[in-house]
1. Scan segment 237-247 for residues that are open to solvent by 80 Å² or more (accessible area, probe 1.4 Å) and either touching a Pro at 6+ places or on another chain (Cβ under 8 Å) or of a type in the set (Gly, Ala, Ser) (or both) and jot them down.
2. Out of everything in segment 279-302 that is at pLDDT below 95 and more than 18 Å from ASP363 (Cβ to Cβ), what residue ends up being surrounded by the most Cβ atoms within 10 Å (Cβ to Cβ)?
3. Using the structure shown, decide if PRO308 is part of a loop (DSSP other than H, G, I, E, B), touching a Phe, Trp or Tyr at 6+ places or on another chain (Cβ under 9 Å) and farther than 30 Å from ARG69 by Cβ.
4. Would you check if LEU8 is more than 30 Å from ALA264 (Cα to Cα) and in contact (Cβ under 8 Å) with a residue 12 or more places away in the chain?
5. Against the definition (touching a helix residue (DSSP H, G or I) at 6+ places or on another chain (Cβ under 6 Å), at negative phi and within 16 Å of the ligand (Cβ to nearest atom)), how does GLU54 come out, yes or no?
6. Report the residue count in segment 86-96 for those that are within 25 Å of the chain's Cα centre (by Cα) and either surrounded by fewer than 21 Cβ atoms within 10 Å (Cβ to Cβ) or within 16 Å of the ligand (Cβ to nearest atom) (or both).
7. Kindly indicate which of TYR19, TYR47, TYR59 is more than 9 Å from the ligand (Cβ to nearest atom), assigned to a loop (DSSP other than H, G, I, E, B) and in contact (Cβ under 8 Å) with a residue 40 or more places away in the chain.
8. Of everything in segment 62-85 that's surrounded by fewer than 22 Cβ atoms within 10 Å (Cβ to Cβ) and among the hydroxyl-bearing types (Ser, Thr, Tyr), which residue is farthest from the ligand (Cβ to nearest atom)?
Amino acid sequence: MWTYHPALLATAVPRYTSYPTAADFGPLEAGTTERAIAAADGDISLYLHIPFCEKICYYCGCNTGASGRRARVETYLAALHQELATVASLLQPGARVRRIAFGGGSPNAIMAAEFLGLVDALHAQFPLAAPEWSIELDPRSLTAEWSRVIGSVGITRASMGVQTFAAHCQKAIGREQSPTMICRSVDWLRKGGVTSLNFDLMYGLPHQSEADLEDSLEYTRKLGADRIAVFGYAHVPHLVPRQTMIPEGALPGAQARFAMAAQAHAFLTGNGYDAIGFDHFALPHDPMARAVRGGTLRRNFQGFTDDPAEVLIGMGASAISGFPGLLAQNDKHTGRYRQLSGEGRLTASHGIARASDDRLRGDVIEALLCRGEAVLPPRLLAEAEAGLAPFIAHGLARLTGDRLTILPGGLPYARVMAALFDAYRQATQHRFSSAI
Ligand code: SF4
């Protein structure tokens with residue numbers, strides 16, 4: 001069981017889907033991303049961002065807009081097609097695409113025919129090498145037609161935003177979807193050939209009780225999700241204005257949130273799921289659980305991943321690309337993205353060149369979050385020793401020589417411990433949420 005130490009959770013910390021984090025990005029010189037893409041060799045992964053949803057949820061911090069405005073969707077997709085062509089033209093013959101992910105937003109908020117148009121363009125323009133296809137889906141806009149599309153494309157991995165099965169919580173977060181709708185979606189996805197199905201769930205929602213969470217976990221288990229991500233709702237209306245729709249007074253307090261995180265961990269690990277880092281769970285047969293057992297789990301912009309590729313090229317407004325020496329983000333403003341990309345230009349104007357110190361710190365942070373331990377270079381050990389002391393004193397971590405190990409009770413504090421190795425965190429702390 002986890003013990004609540006509020007003082008150790010008082011600092012807001014990043015989720016570390018990259019290091020440095022997107023909050024530390026600055027302007028990039030023109031041509032930087034083009035050069036990085038042209039230097040990519042061997043296995044690469046692609047991410048396509050579809051920033052549209054049928055209905056916008058009050059809690060959502062994603063870069064997304066309503067899909068009902070068809071003219072915007074169509075011009076955006078035209079710009080995305082242009083970006084695909086621009087990126088493909090830069091790739092060298094040695095590059096091979098092994099993974100393709102569609103995220104958003106909700107990729108199934110566009111028309112199935114539009115989605116198939118993107119898939120055709122990928123086949124025609126990129127060096128695909130039997131890639132693994134994955135997609136994020138909104139059950140509210142999932143149809144039997146999408147099930148057939150998923151089957152025809154060969155998508156085997158899907159992630160559904162479920163969040164909670166409790167109707168009163170769904171109403172409070174502006175995301176109403178019945179259990180019948182979720183069951184039907186699961187049937188369609190399995191029929192379409194999805195073998196790794198993820199449910200996103202949330203704790204810390206307005207009006208949510210432990211019984212509500214238990215119910216959602218039980219539904220999820222019974223529906224056979226292969227993976228489950230259990231995120232704490234981050235209430236940051238100063239950063240995400242649509243969250244002002246959420247009744248602040250109905251949100252569980254910090255201690256109740258901690259108890260819910262502990263409850264989810266205990267429930268899922270007690271029901272056959274392996275813990276994947278601090279907030280993901282997977283059945284032992286799932287590739288993510290296998291990556292944990294093999295010590296190959298990693299972090300990228302999609303969270304925990306079993307993707308070993310060093311290069312991830314993100315396409316679409318706000319999409320982030322990762323290269324060994326560079327992180328680069330496309331223009332977040334969809335209007336500017338549409339204009340620049342439509343002219344055949346890459347839009348990544350912000351990012352950061354990863355210096356050797358960034359890589360060193362990034363490796364330590366990734367090792368702590370993915371494997372629960374890291375060997376600390378002497379300089380980083382000396383720098384973090386005082387900060388680690390309270391975690392060690394509370395039995396949450398152990399330092400043996402230069403090896404830092406996060407103990408089982410330390411899992412909810414993993415991000416806080418990882419942040420001790422983040423050279424940028426003092427400057428950007430206000431932009432993050434609590435670790436639990
Ligand atoms: S469906 Fe997903 S991406 Fe779209 S608004 Fe809701 S949470 Fe955000």
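1. Scanning segment 237-247 gives a single hit, THR244.
2. Result: ASP279.
3. On the way: part of a loop (DSSP other than H, G, I, E, B): yes; touching a Phe, Trp or Tyr at 6+ places or on another chain (Cβ under 9 Å): no; farther than 30 Å from ARG69 by Cβ: yes.
No: the conditions fail for PRO308.
4. Details: more than 30 Å from ALA264 (Cα to Cα): no; in contact (Cβ under 8 Å) with a residue 12 or more places away in the chain: yes.
Answer is no for this residue.
5. So GLU54 passes the test.
6. 2
7. Working: TYR47 fails: assigned to a loop (DSSP other than H, G, I, E, B); TYR59 fails: more than 9 Å from the ligand (Cβ to nearest atom).
Every option except TYR19 fails the conditions.
8. Ranking the candidates gives THR75 first.
The values are calculated or read from the model by the stated rules, or taken from the named source; none is laboratory data. The structure displayed is predicted, hence computed values, not measured ones. Don't worry about glycine lacking a Cβ; one is built from the backbone with ideal geometry, like all the others, and counts go over all protein chains shown. Calculation scope for accessible area: heavy atoms of the full protein, side chains included, ligands and nucleic acids excluded. Shrake-Rupley method; radii C 1.70, N 1.55, O 1.52, S 1.80 Å.
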